[in-house]
2 protein chains.
Amino acid sequence: MNVKEYMQQLGQAARKASRLLARADANQKNAALHAIADAIVREQDALLAANRQDLDAARQAGLDDAMLDRLTLNAKGVAAMADGLRQIAALPDPVGEIDEMSYRPSGIQLGKMRVPLGVVGIIYEARPNVTADAAGLCLKSGNATILRGGSEAFHSNQAIAACVHEGLAAAGLPAEAVQVLATTDRAAVGELIAMPEYVDVIVPRGGKGLIARISAEARVPVIKHLDGNCHVYIDDTANPDKAFNIAINAKTHRYGTCNTMETLLVHSAFAEFMLPRLASAYWEKGVELRGCERTRAILGEQVKAATDEDWATEYLAPVLAVKVVKDMDEAIEHINHWGSHHTDAIVTEDYGRSRRFLREVDSASVMVNASTRFADGFEYGLGAEIGISTDKIHARGPVGLNGLTSQKWIVLGDGQVRS
Amino acid sequence: MNVKEYMQQLGQAARKASRLLARADANQKNAALHAIADAIVREQDALLAANRQDLDAARQAGLDDAMLDRLTLNAKGVAAMADGLRQIAALPDPVGEIDEMSYRPSGIQLGKMRVPLGVVGIIYEARPNVTADAAGLCLKSGNATILRGGSEAFHSNQAIAACVHEGLAAAGLPAEAVQVLATTDRAAVGELIAMPEYVDVIVPRGGKGLIARISAEARVPVIKHLDGNCHVYIDDTANPDKAFNIAINAKTHRYGTCNTMETLLVHSAFAEFMLPRLASAYWEKGVELRGCERTRAILGEQVKAATDEDWATEYLAPVLAVKVVKDMDEAIEHINHWGSHHTDAIVTEDYGRSRRFLREVDSASVMVNASTRFADGFEYGLGAEIGISTDKIHARGPVGLNGLTSQKWIVLGDGQVRS
């Protein structure tokens with residue numbers, strides 16, 4: 001069987017399973033999640049052995065330390081996967097939720113019912129834990145899923161898939177509800193993203209290159225996260241302590257996350273007061289600063305001159321671009337122009353400016369007096385996230401269970417006809 | 001200037017205008033809508049003259065009567081365009097609506113704010129009134145729009161565009177908020193659907209061929225409506241009068257609309273009782289029936305044998321496919337398999353079956369004891385609709401102002417940082 005035939009077969013099976021899953025009740029789905037978690041805990045040795053096989057091959061192939069780190073599964077990681085599934089089981093079931101029921105003048109009663117999307121294709125890199133997370137979120141939201149993890153994690157993913165299938169069977173759900181590709185052929189990705197008859201949405205997770213390529217070639221909708229070029233703007237009406245704490249936390253709490261601040265904007269009337277204090281703290285933590293002319297005039301030659309490329313860059317590293325702006329208008333302009341519409345924050349005590357910033361900044365998350373690091377599915381109470389979307393259509397920002405569902409209209413009548 | 005350059009220029013201007021429009025308040029947008037309506041009423045003679053120019057050319061080109069009918073603008077049509085705009089002005093402004101604000105354990109207050117999508121591209125056929133409708137809906141929802149109407153309506157659309165621009169100027173909004181293509185070059189469509197940097201969503205309206213082609217080629221999300229193959233299923237627990245009225249209304253109220261029933265499904269235990277009465281009424285109205293074997297056994301040879309193609313067809317004509325099914329499960333199976341996921345209804349007095357049908361039928365609108373003809377933006381209280389979506393992502397069913405918006409997360413803090 002060639003790749004195309006194989007993927008078509010997977011797609012057909014997923015579509016069929018999705019119908020059964022859509023009508024599965026919360027108890028059945030939760031039973032499956034718990035059974036999968038139990039199997040993962042029980043099969044820890046098998047999972048670690050499969051992972052060692054992947055790690056050996058990866059080391060021989062000369063993968064770098066960061067990739068090996070992402071690929072590695074240890075006892076703690078196995079326990080975390082199981083816990084994650086149990087947390088998903090504890091979340092409310094979104095499927096079947098009915099909202100906004102109201103009577104129309106015709107006498108019909110109209111509302112909306114939350115329903116699964118159908119079949120979700122997820123393409124990710126070599127992090128084996130994503131296999132369990134993604135399977136759990138799709139299962140709970142009533143979607144069938146086709147998972148294509150990085151080929152480096154092939155054996156780990158197959159071992160996790162065995163646990164998933166055991167759990168599905170225990171709960172009386174079809175094995176095809178979660179299918180993990182049994183091939184590492186790259187052509188399979190091309191097929192997966194071009195089967196609108198079998199796949200309703202694609203969620204790519206990984207590097208920018210992968211995501212851009214998938215978006216360009218997909219024949220089905222894509223929920224994606226391209227870039228996290230986040231900003232904090234310190235207004236001249238800011239409380240200095242809040243400004244200091246937020247600016248430090250947003251940059252230095254973690255360097256490699258998508259909600260980390262990459263450019264700091266400071267109101268010109270506040271720059272001489274705020275920047276030296278901030279700079280010392282950043283330098284103490286080893287953060288390199290790259291600034292506009294005004295910033296360099298205040299902080300000195302130690303600050304490298306920032307170029308346009310700096311305003312556009314998601315460093316994911318201890319590097320921060322700093323720009324002094326004339327006022328909030330210039331800050332908003334800068335953010336909307338150079339940012340990635342992910343997460344941006346203002347620090348201000350001014351009522352009117354907080355309202356304008358919230359309305360005019362065109363990002364998935366817009367914050368007042370809070371660190372950009374809060375933009376996260378767990379912090380937002382979604383329980384878990386399948387990703388953070390920088391798109392505007394369908395799902396924006398952290399995507400949890402609801403982002404994997406849709407709403408259909410329901411009409412309850414009593415024999416009404418249209419006149 | 002070639003078409004690509006021209007479209008890029010339009011796109012850039014639309015993106016810029018979209019920022020101004022996003023922050024325009026309800027009063028300003030409503031003032032523009034009223035000013036456009038006033039201009040349309042005042043310029044009636046100019047509009048009708050432009051339309052005559054289009055009609056003359058269309059007649060010379062040998063367009064058929066149905067197309068000429070759609071293209072024709074008369075005094076009543078002009079008044080209806082102006083009324084439509086005033087009705088849009090009377091709708092609540094969705095932009096800036098804040099929902100679900102609640103405190104998280106970290107102390108941040110989290111909610112969602114409704115925001116425009118940005119730039120909406122609309123591609124439609126030769127119905128001049130769509131130009132005013134689409135401009136009005138996009139304007140009210142705070143989106144800039146690029147309109148590409150059928151080339152047969154070129155002069156009509158330009159005349160309407162002049163009124164739109166007059167109204168925008170009167171309200172102090174940029175002319176680039178609504179741009180009507182000044183070219184009939186078909187290559188412009190190809191450019192419009194492939195500028196993700198300037199266009200956030202494409203709404204194609206028109207024939208299936210057009211929509212399928214645009215969906216296949218678009219590089220931006222598409223809100224589309226492909227097919228309206230709607231069903232009514234009469235259960236053996238139905239009230240016969242409701243069943244009769246709904247089945248007649250859903251088919252014969254209007255033949256050419258997307259929410260018209262195209263296949264009638266009847267429970268086997270109810271078929272001998274219901275079908276003869278229904279058939280007489282359909283025949284009296286000149287509706288041709290095409291049935292399964294069982295239907296033909298009950299109604300006679302007068303009923304043509306239905307083929308698989310009949311189950312899949314949106315007739316948009318006085319033709320109805322009829323199938324006797326064993327039970328509700330077979331009906332749901334048939335609808336999910338052959339239908340177009342648009343609008344489907346059950347007639348039943350049974351509590352459990354109504355709940356199962358609502359949950360298990362995978363369509364944008366699912367109804368109990370009501371005519372499928374209710375699936376419509378006006379009947380649903382959306383005020384107006386830009387189209388009916390058969391997609392699951394983002395907008396499903398009738399798409400009104402909310403379907404042209406998105407929600408961003410907003411976070412109100414008091415200096416919170418992540419620990």
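The values are calculated or read from the model by the stated rules, or taken from the named source; none is laboratory data. Every value quoted in this text rests on a predicted model; they were computed, and no experiment measured them. Reconstructed Cβ throughout: ideal geometry from the backbone, glycine too, with neighbour counts over all protein chains shown.
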note = Those residues of region B:62-76 which are closer than 14 Å to B:A126 by Cα and loosely packed, with under 15 Cβ neighbours inside 10 Å amount to B:D64, B:D65, B:A66, B:D69
inquiry  = Pull out all pairs, ordered by first then second residue, where Cβ-Cβ is under 6 Å, the residues are six or more apart or on different chains, the first lies in region A:401-415 and is more than 7 Å from chain B (Cβ to nearest Cβ) and touching a residue at least 60 places away in the same chain (Cβ under 8 Å), and the second is of a type outside the set (S, T, N, Q) and assigned to a strand (DSSP E or B).
reply    = A:T405/A:R114; A:T405/A:P116
ask   = In the list B:A57, B:A32, B:A39, which residue meets the criterion of being touching a residue at least 40 places away in the same chain (Cβ under 8 Å), part of a helix (DSSP H, G or I) and touching a Phe, Trp or Tyr at 6+ places or on another chain (Cβ under 9 Å)?
value = B:A57
task = Residue by residue through region B:303-318, note down the ones that are aliphatic (A, V, I, L, M) and either within 14 Å of another protein chain (Cβ to nearest Cβ) or surrounded by fewer than 19 Cβ atoms within 10 Å (Cβ to Cβ) (or both).
result = B:A305, B:A312, B:L316, B:A317
ask   = Applying the selection to region B:118-152, what residues are part of a loop (DSSP other than H, G, I, E, B) and in contact with a helix residue (DSSP H, G or I) (Cβ under 6 Å, 6 or more places away or on another chain)?
value = B:G118, B:Y124, B:A126, B:R127, B:S141, B:G142, B:N143, B:G149
key: Selection within region A:353-381 - closer than 22 Å to A:K242 by Cα, more than 7 Å from chain B (Cβ to nearest Cβ) and not in a helix (DSSP H, G or I)   = A:V361, A:A375, A:D376
query = Do you know which residues across region B:206-225 are farther than 26 Å from B:N336 by Cβ and in a loop (DSSP other than H, G, I, E, B)?
reply = B:G206, B:A218, B:R219, B:V220
inquiry  = Checking the condition more than 16 Å from the chain's Cα centre (by Cα) and either assigned to a loop (DSSP other than H, G, I, E, B) or buried (at least 24 other Cβ atoms within 10 Å of the Cβ) (or both), which residue from B:A321, B:A384 passes?
reply    = B:A321
request  = Select, from A:V220, A:V232, the only residue that is within 12 Å of another protein chain (Cβ to nearest Cβ) and either modelled with pLDDT of 95 or more or crowded, with 22+ Cβ neighbours inside 10 Å (or both).
outcome  = A:V232
remark   = The residue that is farthest from B:P116 (Cα to Cα), considering only those in region B:387-401 that are of a type in the set (A, V, I, L, M) and in a loop (DSSP other than H, G, I, E, B), is B:I393
ask   = In region B:226-267, which residues are within 18 Å of B:W338 (Cβ to Cβ) and touching a Lys or Arg at 6+ places or on another chain (Cβ under 7 Å)?
value = B:L226, B:D227, B:A250, B:N259, B:T260, B:M261, B:T263, B:L265
remark   = Taking region B:235-256 and keeping residues assigned to a loop (DSSP other than H, G, I, E, B) and either modelled with pLDDT of 90 or more or within 10 Å of chain A (Cβ to nearest Cβ) (or both) leaves B:D235, B:D236, B:T237, B:A238, B:N239, B:H253, B:R254, B:Y255
key: Among the residues listed as A:D327, A:D350, A:D362, A:D344, the single one being in the same structural domain as A:D308 (by TED's automatic domain parsing) and touching a Cys at 6+ places or on another chain (Cβ under 7 Å)   = A:D344
remark   = Within region B:96-117, of all residues that are part of a strand (DSSP E or B) and touching a Ser or Thr at 6+ places or on another chain (Cβ under 9 Å), the one farthest from B:N74 (Cα to Cα) is B:Q109
remark   = Of B:G190, B:G256, B:G209, B:G172, the only residue that is small (G, A, S), surrounded by fewer than 22 Cβ atoms within 10 Å (Cβ to Cβ), touching a residue at least 40 places away in the same chain (Cβ under 8 Å) and not assigned by TED's automatic domain parsing to the domain that holds B:K326 is B:G172
key: Residue in region A:352-374 that is surrounded by the fewest Cβ atoms within 10 Å (Cβ to Cβ), counting only those that are hydrophobic (A, V, I, L, M, F, W, C) and closer than 25 Å to B:V201 by Cα   = A:L358
query = In region A:82-115, which residues are buried (at least 24 other Cβ atoms within 10 Å of the Cβ) and more than 9 Å from every other protein chain (Cβ to nearest Cβ)?
reply = A:L85, A:I88
request  = Scan (1) outside any helix (DSSP H, G or I); (2) within 14 Å of another protein chain (Cβ to nearest Cβ) for the single condition B:L264 breaks and write down its number.
outcome  = (2)
ask   = Just wondering, is there one or more residues in region A:261-272 that are touching a Ser or Thr at 6+ places or on another chain (Cβ under 6 Å) and buried (at least 19 other Cβ atoms within 10 Å of the Cβ)?
value = yes
